[in-house]
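The values are calculated or read from the model by the stated rules, or taken from the named source; none is laboratory data. Just so you know, these numbers come straight off a predicted model, no measurement behind them. Quick reminder, even Gly has a Cβ in these numbers, built from the backbone with ideal geometry, and neighbours come from all protein chains shown. The area values use the complete protein model at the heavy-atom level, side chains included, leaving out ligands, DNA and RNA. Shrake-Rupley method; radii C 1.70, N 1.55, O 1.52, S 1.80 Å.
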Amino acid sequence: MHFTINGTAYTAEPDIRTSLLDLLREHLGLTGSKKGCDHGQCGACTVLVNGRRINSCLSLAVMHQDDEITTIEGLGTPEDLHPLQAAFVKHDGYQCGYCTPGQICSAVGMLDEVKKGWPSHVSETLGDVEFNDGEISERMSGNLCRCAAYPNIVDAIRDVAEAKA
Amino acid sequence: MSNTNSLKMDKPVPASLLDSGSQGIIGRPLDRKEGPLKVTGQATYSAEYQIPNLAYGYLVGTKFGRGKVTNVDADSVRAIPGVIDVVTDFKTFLQNSQQGGETSAPTQGVQDVHYFGEIVAIVLAESYEAARDAGIRIKVEYEEAEGRFDFEAHKDETTKPPPNNIPAHFKQGDVEKAMADAATSVDVTYTTPSQNSSAMEPHASIAVWDEDGALTLYGSYQMPTSDKTQLAKSLGVKDKKVRIIAPYIGGGFGSKLGIAPESVAAAVAAKQLGRPVKAVMTRPQVFETTVRRSNTEQRVRFSVDGEGKLTGVGHETLTSNLPGEGFFEPTGIGTHFAYSGENRLINHDLVELDWLLSGSMRAPGEAVGMMATEAALDELCHKLGVDPIDFWKQNEPSEDPEEKIPFSTRQLVRCLEEGAESFGWSKRNATPGQVRDGEWMIGMGVAAAVRTNMLMESSAKVAIDANGRATVSSAMTDIGTGSYTILGQIAGELLGLPLDQVSVVLGDTDLPDAAGSGGSWGAGSSGSAVYLACEMLREKLAKAMGCDPETLTLKDGQAIADNRQVSLGSLVGDGIEAIGSIAPGKMEKDRKQSSYGAHFVEVGVNATTGEVRVRRMLGVFAAGRILNAKTARSQCLGGMTFGIGAALTEDLVHDPRNGKLVNHDLGEYHVPVNADVPQIEVHFLEERDQFANPIHAKGIGELGISGCGAAIGNAVFNATGIRVRDYPITVDKLLDQLPPV
Ligand code: FES
Ligand code: FES
């Protein structure tokens, strides 16, 4: 099978039982994506597949022939941080750091959903979504953070969204 | 000359060198040192080490709650491709996790099963997929026995537990008489359910033995120094044969204080296989087999005289644990000194149940104890028609009401006053159920926070190399608490170095022994060790400069004295180092030491559905010196959010038929999500505590949760007039009392 992960072509023969998350973590050594539950309940494993955020623990690797996968390692490096990564550092949008790669990948996907005008549960209207803290919180609620950096995560994402706008 | 600077806290340290440093970085809200690694996925957690020839382990738990395993049928899974072996060791495997800081092995032996999910075997395979497959399919034969799985049914059969950090029973004066004589009193019972720390990183260990019989365990543990001893004792090897490596820990909150079953299972299996083994708990296993916070039933009594003065305090608690495990949830730990009143009764009794171990979870004691006492106090104030803040002002004790010793610092009333001012407390309508915002009933609540301060033995080494860079090293951990950053700031302040010129190396038992992270003692204890090492280094630097340490100024990598300026690097030759070592002393007994705070909460309760939303939240805290305003604030955000969970959603449900945790995952055990948490505000009061330690800082990681849940419950009462005494406050407990739609 072929995948593109963070711009690099990979060939692998995954076990049919292997989740995309386990492919990354256990087979390819890309441990930036985290396993918090393996049940689709925490969001720690969030990656971008063809630009959309998914829980990689809920997806089998064999379903991703030719997909473009972006993990936290593909967004930036310590020397060259992605704007969201930099904003998470500045606003202390993490503590233990375990949920953080998932939060950041999720935020990337989320901002793109907003750009496309997709409404959320808290949107007042179906079109012309107004972007505010409530929208950020709602749309990031699939990513648990037991350290509870939530207010700081909202600050970080708002910062980046405003800089873009 | 010894290279160690030791201090036992037998005397106050009136002047801290941190107040006379020239670098100006202590206290500042600097970004976390390890931040760039964490946000890029480069920080390595325990399950992520790339170890050659690794075998994957899958832990096998029982599907019954009490009885005996008669056979682990390895043959039932051997044929599955990739399976290497099934390992069990009925004597050595851990029945229970260990409590924090213990230096003995936890309870071992798993043939007799004491709770549902107990780990009895580990399946080893070449891949995780094969190990999991076999682990799910393996046949475990057993004989089931009668068990005690129902708290309600057994709560009359109590035992008095051994003393913990407080005695189980305490009595002063006569509470019964105080209640009988009272002008006003409350006598109410609150309950809190079992809870789970739910750190986002599941417990994980990789065990690697070398040819000399030494074990390296990459393990997600908060207190590596004592965990190493626990592990060595469990395995019957010498302490020095065990090394634990834990530079990054994906949260702990108490659940990783002592070693858990996966560590010993991995170590035993690795030994038997002759190759490294990784054992990671599944999320349900974390719930079922590590540790829970005990459920509690708390009777709280307050009595006041005609002047509104507290005359009596009663706090009697039932908690639960496995037979033989002495730990009790010390709900009264804060009650002992938070409230005045001459007549006092503070008792804890245990109900022995066949449920998994109960132990420490963030702020053991205060976290759920104050959910009861601060709610009962609100009930009392409501009955008296007195504002809780005025009540506190009138009843604030001037000294520890039991030990009759002074408080080291106590700014509780100031926390309340300052919080009231900035929260707009005066706008609260004290009559419940008066304020509406559309379909939402609005209420405000307040609660006090206290959290006992602790100092633990801890050591650290600080070295300055020939380039003038410093390195701090210690077996201390950073579980998200900010240790890397604050230890760097302390060293940088004292040695005159910017933070990026200080490296901090933690989480390795080959480094100097340390307190680890727990009980909010981490910063005060390990920070003091770094302080003491730096104090010695400053003396060495002064000697090299030929001046008194007092006249030496260290700033930006330069040593300045007598109109001379020399770079640190050129002063230290090939490098210098010193070890700092702190230990608790008489100050623990001479002064009551605690951090204090006040919580202010505004909630909306949906008049139709009963849904409770926290709309605004403010915490004002006094915890000695704040070492880093950014990470300290984050600690408080975390604690307060735990408070939201405890008040509104977290409820670990035990099946009364077999003890099985009905909601053993993050889909069913509800920790707060982003949308549950408003943009919380946190304020710190300026404070120094010279009795606590030389850095004058006190614990902060647990202060935010203490009292917080009560403030939420009190706000719900103010919004609706409904007093829920059975946490969490879920819709089903409000619905039938809401006003007609
Ligand atoms: S690990 Fe995938 S959602 Fe939790
Ligand atoms: S940073 Fe620890 S769980 Fe989010």
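Seen from all directions on average, region B:576-700 presents a Cα convex hull projection of 13.3 nm². With Cα atoms defining each centre, region B:388-454 and region B:625-646 are spaced 18 Å apart in the structure.
Centre-to-centre separation between the Cα atoms of region B:221-253 and those of region B:265-303: 15 Å. Given +1 at the Cβ of Lys and Arg, -1 at the Cβ of Asp and Glu and no other charges, the dipole of region A:2-75 around its Cα centre is 300 debye to the nearest 20. Rounded to the nearest 20 debye, the dipole size of region A:67-165 about its Cα centre is 200 debye, using +1 on the Cβ of Lys and Arg and -1 on the Cβ of Asp and Glu.
With a sphere of radius 15 Å drawn around the Cβ of B:Ile84, what net charge do the other residues whose Cβ falls strictly inside it have (Lys, Arg +1; Asp, Glu -1)? Counting the neighbours of B:Ile84, the net charge comes to 0.
Excluding residues fewer than 8 places away in the same chain, name every one of the lysines whose C-alpha is closer than 19 Å to that of B:Lys38. Filter leaves A:Lys34, A:Lys35, A:Lys90, B:Lys630.
Computed from backbone phi with θ = phi - 60° and the Karplus coefficients 6.51, -1.76 and 1.60, the 3J(HN,Hα) list for region B:184-194 is 9, 7, 10, 9, 9, 10, 10, 10, 10, x, 4 Hz; x is used for glycine and proline. Globularity index of region A:83-164 is 1.03 (Cα radius of gyration / 2.2 N^0.38 Å, N = number of residues).
Taking all protein chains as they are arranged and a probe of 1.4 Å, the heavy atoms of B:Glu611 leave approximately 80 Å² accessible to solvent.
Seen against the Cα atoms of chain A and their longest principal axis, helix A:150-164 is set at about 80 degrees. Within chain B, antiparallel bridges make up roughly 75 percent of the DSSP beta bridges whose residues both belong there. Only one residue of B:Leu30, B:Ala270, B:Ala542 has its Cα farthest out toward the positive end of the dipole of chain B, where Lys and Arg carry +1 and Asp and Glu -1 on Cβ, and that residue is B:Ala542. Near A:Arg53: Cβ cut-off under 9 Å, other residues only, Lys/Arg at +1 and Asp/Glu at -1. The net charge is -1. Ligands, DNA and RNA are left out, and with a 1.4 angstrom probe the accessible area of the protein assembly as shown is 34 Å² per residue. How about region B:659-693: which of its residues lose at least 10 Å² of accessible area in the presence of all protein chains relative to their chain isolated, using a 1.4 Å probe? Listed by number, the residues meeting the 10 Å² cut-off are B:Asp665, B:Leu666, B:Gly667, B:Val671, B:Pro672, B:Val673, B:Asn674, B:Ala675, B:Val677, B:Gln679. A simple count of charges around B:Gly707, restricted to other residues whose Cβ falls under 10 Å of its Cβ and scoring Lys, Arg +1 and Asp, Glu -1, yields -1. Here is the tail figure for chain B: Cα pairs spaced more than 52 Å apart come to 13 percent of all pairs. Could you tell me how many degrees, from 0 to 90 and to the nearest 10, lie between the Cα long axis of helix A:100-115 and the main elongation axis, the longest principal axis, of the Cα atoms of chain A? Rounded to the nearest ten degrees, it is 60.
Which of B:Ala647, A:Asn50, A:Asn152 sits farthest toward the positive end of the charge dipole of the protein assembly as shown, with +1 on the Cβ of Lys and Arg and -1 on the Cβ of Asp and Glu? Farthest towards the positive pole: A:Asn152. Stretching the chain fully between B:Arg78 and B:Arg414 yields a gain of 114.3 nm (0.36 nm per residue, less the alpha carbon separation).
Step through the table entries B:Lys63/B:Lys228; B:Lys33/B:Lys540; B:Lys233/B:Lys404, compare each Cα-Cα distance with 32 Å, and write down the pairs that go over it.
Pairs exceeding 32 Å: B:Lys233/B:Lys404.
Each of B:Thr103, B:Pro202, B:Ala470 was placed along the dipole of the protein assembly as shown (beta-carbon charges, centred on the mean Cα), and the one lying farthest toward the positive end is B:Ala470. A helix-only calculation puts chain B at -7500 deg cm²/dmol for mean residue ellipticity at 222 nm, using -39500 (n - 2.57) for each DSSP H run of at least four residues, averaged over all residues. Would you mind pulling out the separation of the Cα centroids of region B:487-547 and region B:188-204, in Å? Cα centres, region B:487-547 to region B:188-204: 34 Å.
Distances between every pair of Cα atoms in the protein assembly as shown, grouped in 10 Å steps from 0 to the bin holding the largest one, split as 2, 12, 22, 25, 21, 12, 4, 1, 0 percent. Of all DSSP bridge pairs formed entirely within the protein assembly as shown, close to 75 percent run antiparallel.
Ballpark to the nearest 100 Å², how much total accessible area do A and B bury together, probe 1.4 Å? Mind showing how you got there, number by number?
Values: alone 8750 and 26640 Å², together 30890 Å².
Chains A and B together bury approximately 4500 Å².
Here region A:2-75 has 48 percent of its accessible surface on carbon and sulfur atoms, given a 1.4 Å probe and all protein chains in place. For chain B, carbon and sulfur atoms together expose 48% of the accessible surface, with a 1.4 angstrom probe and every protein chain in place. Over region A:83-164, Cα pairs under 8 Å with separation of 6+ residues give a relative contact order of 46 percent. Between B:His683 and B:Gly619, B:Val620, B:Phe621, the built amide H atoms are under 5 Å apart, and every one of these is 5 or more places off in sequence or on another chain.
Under a model in which nothing but the beta-carbon of Lys, Arg (+1) and Asp, Glu (-1) is charged, the protein assembly as shown shows a dipole of about 1040 debye around its Cα centre.
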